[in-house]
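Remarks on the structure that follows.
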Amino acid sequence: MKNKVLAILLAFVLLSVSNLFADEGMWLPMLISRFNIADMQKMGCKLTADQIYSVNQACIKDAIVALDHGGCSGSIISGKGLLITNHHCGYEAIAGQSTVDHDYLTDGYWAMRPEEELPIPGKTVSFLVRMEDVTSTVLSGVNETMKEEDRNKIIEHAIDSLTKEVEGNTQLEASVESMFAGNEYYLFVYQTYRDIRLVGAPASGIGKFGGETDNWMWPRHTGDFCILRVYSGADGNPSEYSKENIPYHGKYFLPISMAGVKEGDFSIIMGYPGSTDRYLTSYGIQEKINLTNPADILLKTAKMDIIKSFMDKSDALRISYASDYAYLANFQKKSIQETKALTRLKVFDDKKKQEDAFEAWARQNQDRADKYGTVISEFADIYKTKEEDKSDVAETYLQEMLMGAKVLLFAYKANELASVLEEKGDFSATVADYRQRAEEFYKDYNPEVDKQILEKMMELYKKNLPEQYYPETFKLVDRKFKGDFGKYADYLYKKSILASKEKFNSFLDHPRAKKLQKDPAFMASNSFLASYILVRVIQMGYEDRFNIARRKYIAGLKEMDPGMKYYPDANSTLRLTYGQVKPYEAADAVSFDYRTTYKGILEKDDPSNPEFTVPKKLENLLASKDFGDYAENGVLPVCFLTTHDITGGNSGSPVLNANGELIGLAFDGNSESMSSDIKYDENLQRTICVDIRYVLFVIDKFAGAGYLLNEMKLQK
Ligand code: ARG
């Protein structure tokens, strides 16, 4: 009897736990019928699970896309392939189409007819055809006693056969992704389109209004959207760019709601979140706060200072480096705010408690002790080693360095050219390919900017890392330049055949392997790469142990709390999150409303500050309240907040109301909850969305591209 009471009590506790954080969770769409739909409907959702995800009927998932295989998300909003995503997701493409004379970044761009849509080289749009749990197939050959290396081989082999079987001779792409650190595996089948064109982008004074100052912040007044179009071959299948291609006509596109949003409204976001680390341990948090985030912030800030000083001097450089700068600024601020939020919200303490509870649970019987008894001490031990050998910090430095001075990355890619030249066969195709690549590469490269970045990165590297990670190049700098990185950088950019397009092209006229291999940029790049490999070898020394500990920890947590619904970490696969429109209290005495309006744009307007300069035409429309049909009670809405659980990669995701109609686009998170990749905070975590009515207002009234609305399905 007692046991029964206890069991009921326990079940009740677990049930309430599983429903406590209804808005937390990045759910796999195929599992919502099992895990979420009842909860969703209780919260106000009017849709069935099949209307959201189904392989048998047209459904919402057919309108949700991944851009560039998961860098951003988007959705289809017309029967002619019209795609809506964020301005910052199209930013690189918009910058790429811009020149000083046609500055679409500053002024925006709107195609007024199909011929004016601009092809975006390299852009891809992927649709999920279906997904499937393939855990039993992938793990059928493994057991708990085998070596990790053998386990990995079996898994790789199984994944390989699965994907080959699906892809066959079709145009489909298949991938199998690990979930819960290798405890489960899912197959994803995609169709990827490669003829994507820019239809319209608002001026940066709308699409990036508030700039880096407002980025990650609320209240927000950014019209962060742009419009693309997907084209297919005449048969409807993916095709490379061609004039003969036709607008994509898919199974489903999203209707748009003109009815607006209010506090408490149920809503859904579907998209491709990139990565989270919700099972990170307290040791991992310590490493982030004390070691890797500070390194990341230091290096990105140093690069930003250099790039900014050049961007301020020249319009051509401002356009060339706009996208690099926005990337750096975005993630530098994210790291700063993540450290702050982790500290403020005491996430370390929460994780520690969870780990203590796990250890106590594991001690309760021999079976568990055998399986899970050493998991936490393994983490402690591995992170202690990492702290001592500084390998993770070194990795951060090497990545920032190799992604900093562009010439190093281009030199690294020239390794392939060097080996082809060495073979002394016919290298004409490879050379032609490199001429093409050079066209792309040197477009946004400036040797002065690059040189200063290289010098600064090397300086910081030497100052802050142990000698064992110094690349060979440092010896050369000591020997020939008395340790002066500035003089070395001068020499490199003067002498290297990779330091300018002209020099590289004349090298390609008479290419020789030796010349490339002796090139200072080529040698520097390879010496950094050697250091990177060294770091990786050190890390691999405990990678297996780490992976086993993680896999066991997550499996153990699930076993410990079987009533709880678990969702896997984000990994650039399609997810659904549901929640509601909701304000928040940011701090003591700081309460934020859930929406912003046009008034805030006029309040923030500051013609002396490029980040806050409102385009004249917009200012006039707003000042005269010329809102068309897009206002609510005479007020034009701009942005709103929801409780959804999203992260980077979700940018551009559609926000849907209870009927599955588009009400906005997700484009940011709030700084106060920036610990969210590690832990969702119920009170603080908000998704920042642009209201679809503001988007339509901009397209129609500001850009004069109202003809696009005729393709859409607007719902009153
Ligand atoms: N923080 C947003 C994201 O990571 C927007 C980034 C782009 N905007 C910017 N001002 N850099 O998705």
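Structure values in brief
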read-out	value
Three-way shape label, region 193-269, alpha-carbon gyration tensor, a/c 1.5	oblate
Prolate/oblate/rounded call for region 474-622, Cα gyration tensor, a/c under 1.5 rounded	oblate
Prolate/oblate/rounded label for region 661-716 (Cα gyration tensor, a/c 1.5)	prolate
Given charges at beta-carbon only (K, R positive; D, E negative), |dipole| of region 53-133 in Debye	340
Whole-number accessible area per residue in Å² for region 40-174, which is evaluated in the context of all protein chains at 1.4 Å	48
Under the Karplus curve 6.51 cos²θ - 1.76 cosθ + 1.60, θ = phi - 60°, whole-Hz ³J(HN,Hα) for region 455-461, x wherever Gly or Pro sits	4, 5, 4, 5, 4, 5, 4
Positive-pole candidate from V199, F504, Q57, dipole of the chain, charges at beta carbon	F504
Per-residue HN-Hα couplings for region 285-299 [Karplus 6.51, -1.76, 1.60; θ = phi - 60°; Hz; x = Gly/Pro]	5, 4, 4, 4, 5, 8, 10, 6, 4, x, 5, 4, 5, 4, 6
Within the chain: Cβ-based charge dipole about Cα centre, in debye rounded to nearest 20 (Lys, Arg +1; Asp, Glu -1)	440
Unsatisfied cross-links (Cα-Cα over 18 Å) in the set K123/K701; K288/K679; K406/K495; K565/K679; K303/K413	K123/K701; K303/K413
Accessible area of region 321-433 divided out per residue, in Å², using a probe of 1.4 angstrom	49
Per-residue ³J(HN,Hα) for region 667-675, Karplus 6.51 cos²θ - 1.76 cosθ + 1.60, θ = phi - 60°, Hz, x for Gly and Pro	9, 6, x, 9, 4, 4, 10, 6, 7
Student exercise, region 477-559 dipole from Lys, Arg, Asp, Glu Cβ charges, in Debye to nearest 20	140
Computed over the chain: relative contact order in percent, which uses C-alpha pairs under 8 Å that are six or more apart	24
Heavy-atom accessible surface of the chain: percent carbon and sulfur, 1.4 Å	52
Rounded accessible area per residue of region 657-714, 1.4 Å, Å²	23
Beta bridges by DSSP in the chain, antiparallel share as percent, to the nearest 5	95
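The values are calculated or read from the model by the stated rules, or taken from the named source; none is laboratory data. Given the structure is predicted, the values throughout are model-derived calculations rather than measurements. Cβ coordinates were reconstructed from backbone atoms using ideal geometry, including for glycine residues, and neighbour counts include every protein chain displayed. Remember, those area values only see protein heavy atoms, side chains included, never the ligands or the DNA or RNA. Shrake-Rupley method; radii C 1.70, N 1.55, O 1.52, S 1.80 Å.
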